[in-house]
Amino acid sequence: MLILRLCAVLVALGIGGSLLLWLFTGNPRYRRWAWNMFRAGVVVLFVFLALFALERVLAPML
């Protein structure tokens, strides 16, 4: 769970920094980076949640 929280904090900082850079410079590249970081963060979240669900299902069988 600590790893998931650390990833969430890093993604939030990256998204916030990219959006601030986009607001200050107006360069759409930074907005695109923020969107890509958000999507990657969601994918990582779903992978962790799927692993937790799989553990719940398979643990009683062992």
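Listed here are the residues, each with its yes/no results for (1) surrounded by 13 or more Cβ atoms within 10 Å (Cβ to Cβ); (2) over 10 Å from the mean Cα position of the chain (by Cα).
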residue: 1; (1), (2): no, yes
residue: 5; (1), (2): no, no
residue: 19; (1), (2): yes, yes
residue: 26; (1), (2): no, yes
residue: 30; (1), (2): yes, yes
residue: 36; (1), (2): yes, no
residue: 41; (1), (2): yes, no
residue: 51; (1), (2): no, yes
residue: 58; (1), (2): no, yes
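What pairs come up if the first residue lies in segment 9-23 and is part of a helix (DSSP H, G or I), the second is of a type outside the set (A, V, I, L, M, F, W, C), and their beta carbons are under 6 Å apart, counting only those six or more places apart or on different chains?
Matching pairs, first to second residue: 11/41; 18/30; 21/30; 22/30; 22/31.
Only one residue in 46, 38 is without any contact (Cβ under 8 Å) to a residue 12 or more places away in the chain, at negative phi and of a type outside the set (S, T, N, Q). Which one?
On the way: 38 fails: without any contact (Cβ under 8 Å) to a residue 12 or more places away in the chain.
Exactly one residue qualifies, and that residue is 46.
Residue check: is residue 62 without any contact (Cβ under 8 Å) to a residue 12 or more places away in the chain and among the aliphatic types (A, V, I, L, M)?
For residue 62, the condition - without any contact (Cβ under 8 Å) to a residue 12 or more places away in the chain and among the aliphatic types (A, V, I, L, M) - is met.
None of the figures in this text is laboratory data; all of them are computed from the coordinates on show. Note that the structure is predicted; figures quoted are calculated from it, not measured. A quick note on method: Cβ atoms are made from the backbone with ideal geometry, for glycine too, and the neighbour counts reach across all protein chains shown.
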